[in-house]
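Step one of this worksheet: look at the structure below.
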Amino acid sequence: MAKKAKAGGPKPVEELSVKEAKSEHVRLELEIGSHDRRYYEHDAPVISDAEYDALRRRYEAIEKQFPDLRTLTSLSNKVGAAPSGKFKKVRHAVPMLSLGNAFTDEDVTDFVDRIRRFLRLSDKDELIITAEPKIDGLSCSLRYEKGKLVVAATRGDGAEGEDVTANIRTIKDIPQELKGKGAPDVFEARGEVYMTKDDFIALNKRQEKEGKPLYVNPRNTAAGSLRQIDPKMTATRPLKFFAYTWGEASELPADTQSESVAAMKRWGLPTNALMKKCKSVDELLKHYRKIEEARAELPYDIDGVVYKVDRLDWQGRLGFVSRSPRWAIAHKFAAEKATTIVKGIDIQVGRTGKLTPVAKLEPVTVGGVTVQNVTLHNEDEIARKDVRIGDTVTIQRAGDVIPQVLGVVMEKRPKSAKPYKFPEVCPVCGSHAVREEGEVDRRCTGGLVCAAQAVQTLIHFVSRNAFDIDGLGEKQIEFFFEKGWVRQPADIFTLEKRNGKIKLENEEGFGATSVRNLFISIEARRKIALNRVLFALGIRHIGETNATRLARHYGTMEALRGAAVAAGKGDEEAFSEMNNVNGIGEIVAEAVVEFFKEKKNMKALDALLAEIDIEPMEAVAKDSPVSGKSVVFTGSLEQMTRDEAKAMAERLGAKVAGSVSKKTDYLVAGPGAGSKLKEAQKHGVRVLSEDDWFTLIGKK
Ligand code: IVH
């Protein structure tokens with residue numbers, strides 16, 4: 001993280017005052033704790049390992065410099081959490097690669113044609129390709145030396161994974177020792193760790209019984225289970241394994257893919273029985289359809305069919321393109337569909353007053369998750385699809401995409417079902433809900449009088465990219481609002497002072513510890529960056545990016561407010577300056593001016609400013625090596641997160657784009673870069689590694 005510090009990051013630990021150290025120690029403790037939960041419990045980390053390690057290092061450095069801070073609650077004293085926080089790293093002797101995708105029958109024909117051309121095969125030459133299910137789990141590499149399991153690692157970024165040997169040893173499916181005599185001295189069996197659908201359901205039943213949160217799907221649960229710090233925990237989770245390929249091998253098991261898999265089976269490794277050798281595209285597609293039909297009945301989740309050239313010498317000749325083999329491809333299944341009944345249509349009122357209709361469904365499993373709510377978007381969408389309460393609807397969910405209603409099954413419509421009439425008043429505050437010309441949305445006109453809008457504004461205020469207050473989420477805000485304890489942002493910061501009267505610890509669900517922790521989290525956020533505050537205010541059109549742009553340009557809240565107020569009073573120069581901030585423009589500038597014109601907003605802002613301490617923002621560099629250049633980031637970056645990369649580039653005056661075009665100056669590509677890399681090569685755009693990037697901007 002030295003790079004981040006140089007690029008305007010935190011103060012060196014040696015320069016911190018006792019007060020600063022104390023507040024940062026608390027902040028880091030909460031931050032690290034929340035990353036630990038995300039990582040270990042939900043398997044949904046939001047930062048890279050490098051960033052996590054940097055947080056940890058800074059935390060430890062602070063404790064070293066200020067030993068008094070090392071109390072009983074200190075993370076360094078926590079039992080159960082590995083001191084380094086995570087697992088040892090394992091470098092894969094042979095990288096673990098990914099597969100290209102095919103979505104249509106034509107893609108499969110193209111794949112086979114490409115192989116035939118590459119190998120210069122005539123139509124008469126036999127080309128055998130295997131077809132097998134693509135298991136929806138997480139890939140692992142199991143290294144056997146002299147037949148004994150020595151190391152097991154996750155895929156990680158493909159080059160380096162995590163050492164999960166102790167956890168893998170708890171999986172009954174996986175032999176500690178290979179059977180028979182035929183196994184090579186060194187053999188890395190690779191395959192997928194997964195959880196069966198039944199085991200997943202049983203686990204969730206147990207969770208429900210114990211009042212614990214439910215897991216989302218078998219894949220995430222398998223991943224989370226494998227990355228438990230305590231192998232005893234993994235042992236309680238029913239994980240399974242299928243071997244389908246190999247990494248380093250001192251000797252090849254056989255001459256073909258299918259025989260090699262058969263060899264792994266003989267050695268005691270579980271393999272999938274649905275693999276078939278096919279001799280033509282037709283046969284591949286036939287097997288694909290057979291597997292697709294069996295999908296719902298299979299005991300485990302799959303998301304496609306993998307085709308592999310059977311002859312290993314041909315695999316060798318075909319080699320790899322970027323990070324996928326030319327000899328294999330994943331034929332993905334179309335989005336999964338299901339039908340269910342609309343039990344009701346709820347109207348949700350958002351922060352800006354927008355009324356969103358949500359269909360309440362009879363719960364149904366689709367694409368690996370249970371769906372019971374699905375957005376119907378707006379009035380016109382309901383009318384277009386003619387969705388009525390009582391209707392049976394077809395819903396679809398693909399990958400991580402949010403579920404959607406495809407249409408109504410008309411034959412099943414009950415006689416009594418009436419066309420849905422969209423409300424013209426806000427269901428929460430009763431104010432008129434109006435639809436302006438040219439708009440698809442109907443909005444409540446109640447403003448902050450509307451409890452729904454006020455609550456949503458507060459929820460936005462504490463959300464992750466705004467004030468990010470741990471322990472203060474949707475539920476707590478709703479509760480505090482209802483009680484009248486928090487009606488505007490500033491109230492959050494005076495809650496502790498008022499707690500003598502409120503006595504939060506006496507409320508259900510709030511023990512003394514959680515109340516203490518909540519106040520600590522709130523305290524830790526009194527000092528906050530300007531861009532976060534701007535985003536938190538919920539000004540129309542001010543998302544994270546615009547908030548950062550304005551914060552960088554004006555540097556302080558006073559400067560921005562001064563400019564907005566002046567512009568609101570007709571100062572054209574002030575308006576045009578804001579309008580000209582890179583990426584802002586007239587609509588956004590007007591929204592900012594409008595916000596600062598509103599007396600209610602100013603009152604709430606003043607109250608908030610009396611409670612918090614805003615850190616000024618570093619201005620955009622005008623003369624950096626990348627100022628004015630257009631940059632695209634792709635692939636999995638290893639030394640910074642995407643957000644950090646973007647922020648860094650913008651701070652240096654570069655424009656960050658989402659796609660590559662002729663106008664792109666640099667493509668910064670991490671491992672796994674795909675189509676963007678190809679585009680860049682097509683347009684002759686300069687491609688940089690992360691290291692090249694740091695060299696270019698002078699941070700190396
Ligand atoms: S073969 C060189 N076979 O899919 C690539 N992968 O999208 C070797 N996967 O990372 C992979 N089932 O985690 C292969 N039957 C199967 C698979 C499979 C699931 C996963 C694997 C891989 C990913 C690629």
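Taken together, the values in this text are just the output of simple stated rules run on the coordinates, not laboratory data. All values reported here derive from a predicted model rather than from experimental measurement. Don't worry about glycine lacking a Cβ; one is built from the backbone with ideal geometry, like all the others, and counts go over all protein chains shown.
For the chain, what class follows from the C-alpha gyration tensor (a ≥ b ≥ c being the square roots of its eigenvalues): rounded when a/c is under 1.5, otherwise prolate if a/b is larger than b/c, else oblate? Prolate is the answer for the chain, as a/c is 1.5 or above and a/b outweighs b/c. Peptides 523-534, 480-491, 291-302 ordered by packing proxy, namely the average of other Cβ atoms within 10 Å per residue, highest first: 523-534, 480-491, 291-302.
Ranked for footprinting exposure by Cβ neighbours inside 10 Å, fewest first, E436, E690 give E436, E690. Axis angle, to the nearest 10 degrees, between helix 557-568 and the longest C-alpha principal axis of the chain: 70 degrees. With neighbours defined as other Cβ atoms within 10 Å of a residue's Cβ, the residues R58, R642 order from fewest to most as R642, R58. Peptides 173-186, 306-319 ranked from most to least packed give 306-319, 173-186, packing being the mean of other C-beta atoms within 10 angstrom over each peptide's residues. Per-residue ellipticity at 222 nm computed for the chain from its helices equals -11000 deg cm²/dmol, with DSSP H segments shorter than 4 residues left out and the rest contributing -39,500 (n - 2.57).
Take every DSSP beta bridge with both residues inside the chain and express the antiparallel ones as a percent of the total, to the nearest 5. Display every interim value, and only then the final one.
On the way: 71 of 86 bridges.
Approximately 85 percent, going by the DSSP bridge assignments.
Each other residue within a Cβ distance under 13 Å of D123 adds +1 if Lys or Arg and -1 if Asp or Glu, for a net charge of +2.
Relative contact order, percent, of the chain when contacts are C-alpha pairs under 8 Å separated by at least 6 residues? Let's see the in-between values first.
Values: 1210 pairs, mean separation 69.8, N = 700.
Over the chain, the number comes to 10 percent.
Annotation: amide H-H contacts under 5 Å for Y244 (H modelled 1.01 Å from N, sequence separation of 5 or more, or interchain): R190, G191, E192. Compute the acute angle (0 to 90°) between the alpha-carbon long axis of helix 18-36 and the principal axis of greatest extent of the alpha-carbon atoms of the chain; round to the nearest 10°. Helix 18-36 sits at roughly 40 degrees to that axis. Remark on G100: its backbone amide H falls under 5 Å from those of A330, a criterion applied only to residues 5 or more positions apart or on other chains, H modelled at 1.01 Å from N.
Determine, for each peptide in 141-152, 403-414, the mean count of other beta carbons within 10 angstrom over its residues, then list the peptides with the highest first. The partial results should precede the final answer.
Values: 141-152: 19.2, 403-414: 14.6.
Highest to lowest by the protection proxy: 141-152, 403-414.
Remark on L361: its backbone amide H falls under 5 Å from those of K343, N373, V374, a criterion applied only to residues 5 or more positions apart or on other chains, H modelled at 1.01 Å from N.
Given the stretch 614-700 reduced to its alpha-carbon atoms as identical point scatterers, what log10 I(q)/I(0) does the Debye formula return at q = 0.10, 0.17, 0.24 Å⁻¹? Values returned for q = 0.10, 0.17, 0.24 Å⁻¹ are -0.23, -0.65, -1.24.
Quick check: the angle from helix 105-118's long axis to the longest principal axis of the chain, C-alpha only, nearest 10 degrees? For 105-118 against the chain, the angle is about 60 degrees. Shown in residue order for the stretch 334-351 are the 3J(HN,Hα) couplings computed by the Karplus curve 6.51 cos²θ - 1.76 cosθ + 1.60 at θ = phi - 60°: 5, 3, 7, 10, 7, 10, 7, 9, 7, 7, x, 10, 9, 10, 9, 10, x, 4 Hz (x for Gly and Pro). The ranking of D157, D198 from fewest to most other beta carbons within 10 Å of each one's beta carbon is D198, D157.
Scalar couplings 3J(HN,Hα) for the stretch 308-322, obtained by applying the Karplus form with A = 6.51, B = -1.76, C = 1.60 to θ = phi - 60°, are 9, 5, 6, 6, 6, 5, 5, 4, x, 5, 5, x, 10, 10, 6 Hz; x denotes Gly and Pro.
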